[in-house]
């Protein structure tokens with residue numbers, strides 16, 4: 001019986017990784033008329049916020065790591081991979097802590113994810129290029145992170161509710 005559950009869990013993680021990769025690709029096709037570099041919708045974070053509630057923190061860490069690396073290898077370059085990892089893991093750490101200590105709703109946790117993803121990436125960029133002036137973009141990035149986090153959190157809540165029973169049946 002354990003082998004069957006492992007196979008089901010592996011298939012679920014594979015689906016989540018594939019979904020996140022597709023979301024990342026789709027997001028790259030969406031032009032945003034915002035003159036601030038780095039503003040994105042954060043579609044792949046839909047998988048992250050849903051994953052936190054459906055497969056837990058360790059599973060979501062695996063899915064996030066594989067997604068960022070595979071998207072970087074497929075659609076980006078080593079620099080985009082490192083920038084993606086800096087934002088993704090800071091936001092995932094904050095979201096996991098907020099979920100663990102039940103500090104916010106799923107929408108609130110998603111907003112934290114959007115905000116801290118931007119903080120992680122802008123901090124990494126400022127350190128790498130040794131230009132603290134990049135923080136000039138932070139207010140716009142934080143506003144975008146709040147807006148995107150809200151939408152992604154609402155959609156993530158809907159997905160979590162609808163997929164929860166299916167995922168529980170896998171165990």
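The values are calculated or read from the model by the stated rules, or taken from the named source; none is laboratory data. Quick caveat, the model's predicted, so the values are computed rather than measured. Glycine gets a Cβ as well: all are built from the backbone with ideal geometry, and neighbour counts include every protein chain shown.
Residue-wise test of (1) surrounded by fewer than 17 Cβ atoms within 10 Å (Cβ to Cβ); (2) within 23 Å of residue 121 (Cα to Cα); (3) modelled with pLDDT under 90.
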| residue | (1), (2), (3) |
| --- | --- |
| 6 | yes, no, yes |
| 9 | yes, no, yes |
| 14 | yes, no, no |
| 17 | no, yes, no |
| 20 | no, yes, no |
| 26 | yes, yes, no |
| 33 | yes, yes, yes |
| 40 | no, yes, yes |
| 44 | no, yes, no |
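Applying the condition of being out of contact with any helix residue (DSSP H, G or I) (no Cβ under 6 Å at 6 or more places or on another chain) and assigned to a helix (DSSP H, G or I) to region 92-119 and asking which residue is surrounded by the fewest Cβ atoms within 10 Å (Cβ to Cβ) yields 100. Here is the figure for region 120-139: residues that are touching a helix residue (DSSP H, G or I) at 6+ places or on another chain (Cβ under 9 Å), farther than 14 Å from residue 42 by Cα and either touching a residue at least 40 places away in the same chain (Cβ under 8 Å) or in a helix (DSSP H, G or I) (or both) total 13. Among the conditions (1) in contact (Cβ under 8 Å) with a residue 12 or more places away in the chain; (2) under 20 Å from residue 48 (Cβ atoms); (3) outside any loop (DSSP other than H, G, I, E, B), the only one that residue 162 does not satisfy is (1).
Rundown of residues vs (1) closer than 27 Å to residue 139 by Cα; (2) without any contact (Cβ under 8 Å) to a residue 24 or more places away in the chain; (3) assigned to a loop (DSSP other than H, G, I, E, B), yes/no style:
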{"residue": "3", "(1), (2), (3)": "no, yes, no"}
{"residue": "7", "(1), (2), (3)": "no, yes, no"}
{"residue": "16", "(1), (2), (3)": "no, no, no"}
{"residue": "42", "(1), (2), (3)": "yes, no, yes"}
{"residue": "59", "(1), (2), (3)": "no, no, no"}
{"residue": "64", "(1), (2), (3)": "yes, no, no"}
{"residue": "67", "(1), (2), (3)": "no, no, no"}
{"residue": "83", "(1), (2), (3)": "yes, no, no"}
{"residue": "87", "(1), (2), (3)": "yes, no, no"}
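Checked against the criterion of being at pLDDT below 95, exposed (fewer than 14 other Cβ atoms within 10 Å of the Cβ) and farther than 29 Å from residue 9 by Cβ, region 54-64 has no qualifying residue.
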